[in-house]
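The values are calculated or read from the model by the stated rules, or taken from the named source; none is laboratory data. The structure displayed is predicted, hence computed values, not measured ones. In this analysis, Cβ positions are derived from the backbone assuming ideal geometry, glycine residues included, and neighbour counts consider all displayed protein chains.
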Amino acid sequence: MKRKFSFLLCLFLPLLALANRGEVSFKRTEVKEFKVTSGAQFKLTNKYGQIIIHTWNKNEIKATVTITGFGKNHSEAQNIVSEVNINSTATNNSVTLATDYNAKSSSRWFMFSGGKDSKDYVNIDYDVYVPQSLAQAYVENNFGDVLAVDKLTFPAIMKLNYCNFDIRDAEDLQLGINYCNKSKIGNANKVKLNSNYSEVKCAELKSLTVASTYSNIEAETIGMADIKATYDNYKIQNVFSLISKGTYSDFTIGTLQEKLDAKLTYGDLKIEQVTNAFRGGDVKLTFGNARLGVSKRLALRLDLRMTLGDVKVNGLDVKNVQSVKTGTTAVYTALAGGAGEQSPILRVAGTNSDVKLIAE
């Protein structure tokens, strides 16, 4: 299989070289302006270019669109630009902008047929100002980047494919992304993310809900995280509440503050420190391992049960210990850090899995 792939790649690369953009460029700029009132709706769909979003305190939407065509000569570059239309509608306090580009001779296999439907031949860039009083913004971009330089004070929905994005500050953000790398979310109150084959780095999020596949997600601080992961890697420096369901996914957590509910299959959970504010947790493992660093001062009841696995508790001040190994089962219960019968409880159960608690 590997030999076949290499052979096909050798055939494919020379054809890709034929699709390189021309050396001559031609530009056209359009400005679209719309008067709106508070609570307006805004929708933008684009491909092959960058979208920069600003917010201001005017009840006005302004978009400056720069269309750049590339060709072997000036005429070819100009013809490509002429194929681009920026369609706009404004009705009932709702504004829509849409890129319309249908290149001549384009086809699904443009690199073979000589079509021009590619970012190599045209860039369509938007610089947009929208009111802070919007009711909602919807942005869709394919093969281009999105940069929100000001706080999005309104609910924003974005569908992005093959792109990078940088959302610096948002109130309510919904993202559907595919093949997006080098992507960032700064500060946000509420984020709902659907991610496939993407990489995202986040700063501080009060709430994060994720469904992801083949993605790498990193965050500095999250208040409440609810994660469904398949073939993913998650790294979170500080989280207050973590709910996770993962398959073939690993979770690395710096500090866990209050709550844990994790169900992992073929994945590992590593938490550097569970703090004194911890209110209890439940972990279920199948063919995975869990390693938790627990504060010595945390009053915690332990209930650890493994089938075809091992249990280790190192360095904690424990009492009322019951540790039983029978056949394929290991059961460990204890009171740690001066815990009583009303203290929070940590339950870990697993099959073909190991759990290890270490004093921090």
For this session: Filter the stretch 163-188 down to the residues that are in a strand (DSSP E or B) and among the charged types (D, E, K, R), then identify the one that is nearest to Val149 (Cα to Cα).
Result: Arg168
Seminar exercise, completed: Across the stretch 142-172, the tally of residues that are over 10 Å from Thr55 (Cβ atoms) and either in contact with a Cys (Cβ under 6 Å, 6 or more places away or on another chain) or basic (Lys, Arg) (or both) stands at 6
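To keep it simple, each residue is scored yes or no on (1) out of contact with any Asp or Glu (no Cβ under 6 Å at 6 or more places or on another chain); (2) among the small types (Gly, Ala, Ser); (3) on the phi < 0 side of the Ramachandran plot.
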position	(1), (2), (3)
Gln132	yes, no, yes
Asn142	yes, no, yes
Ala148	yes, yes, yes
Phe154	yes, no, yes
Lys159	no, no, yes
Asp172	yes, no, yes
Gly176	yes, yes, yes
Cys180	yes, no, yes
For this session: Please identify the pairs in which a residue from the stretch 166-183 that is of a type in the set (A, V, I, L, M) has its Cβ atom under 9 Å from the Cβ atom of a residue that is surrounded by fewer than 17 Cβ atoms within 10 Å (Cβ to Cβ) and modelled with pLDDT under 95, counting only partners at least 6 apart or on another chain.
Result: none
For this session: May I ask you to list the residues in the stretch 99-113 that are surrounded by 15 or more Cβ atoms within 10 Å (Cβ to Cβ) and at pLDDT 95 or above?
Result: Thr99
Exercise. List the pairs whose first member sits in the stretch 76-105 and is at negative phi, whose second member is loosely packed, with under 13 Cβ neighbours inside 10 Å and among the hydroxyl-bearing types (Ser, Thr, Tyr), and whose Cβ atoms are under 6 Å apart, counting only residues at least 6 apart or on separate chains?
Worked result: Thr96/Thr89
Problem set entry | Count - residues of the stretch 175-233 that are under 14 Å from Asn161 (Cα atoms), over 9 Å from the mean Cα position of the chain (by Cα) and among the charged types (D, E, K, R) | 1
Problem set entry | Matching entry among Val95, Val130, Val149 (being surrounded by fewer than 16 Cβ atoms within 10 Å (Cβ to Cβ) and at pLDDT 95 or above) | Val149
Exercise. Is there a residue in the stretch 291-300 that is at pLDDT 95 or above, of a type in the set (Gly, Ala, Ser) and closer than 17 Å to Asp261 by Cα?
Worked result: yes
Exercise. What number goes with the only condition from (1) over 30 Å from the mean Cα position of the chain (by Cα); (2) surrounded by fewer than 18 Cβ atoms within 10 Å (Cβ to Cβ); (3) not acidic (Asp, Glu) that Gly309 does not pass?
Worked result: (2)
Problem set entry | Phe251 vs. criteria in contact with a Lys or Arg (Cβ under 8 Å, 6 or more places away or on another chain), aromatic (Phe, Trp, Tyr) and within 24 Å of Gly350 (Cβ to Cβ) | yes
Exercise. Are any residues in the stretch 50-78 within 30 Å of Gly39 (Cβ to Cβ), buried (at least 16 other Cβ atoms within 10 Å of the Cβ) and over 30 Å from the mean Cα position of the chain (by Cα), and if so, which ones?
Worked result: Asn59
Exercise. Looking at Lys284, is it surrounded by fewer than 15 Cβ atoms within 10 Å (Cβ to Cβ) and part of a strand (DSSP E or B)?
Worked result: no
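Would you be able to say whether some residue in the stretch 350-358 is at pLDDT below 95 and not polar (S, T, N, Q)?
Checked against the condition, which is being at pLDDT below 95 and not polar (S, T, N, Q), the stretch 350-358 yields no hits at all.
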Exercise. Is at least one residue of the stretch 302-324 out of contact with any Lys or Arg (no Cβ under 7 Å at 6 or more places or on another chain), over 29 Å from Asp226 (Cβ atoms) and free of Cβ contacts under 8 Å to residues at least 12 places away in the same chain?
Worked result: yes
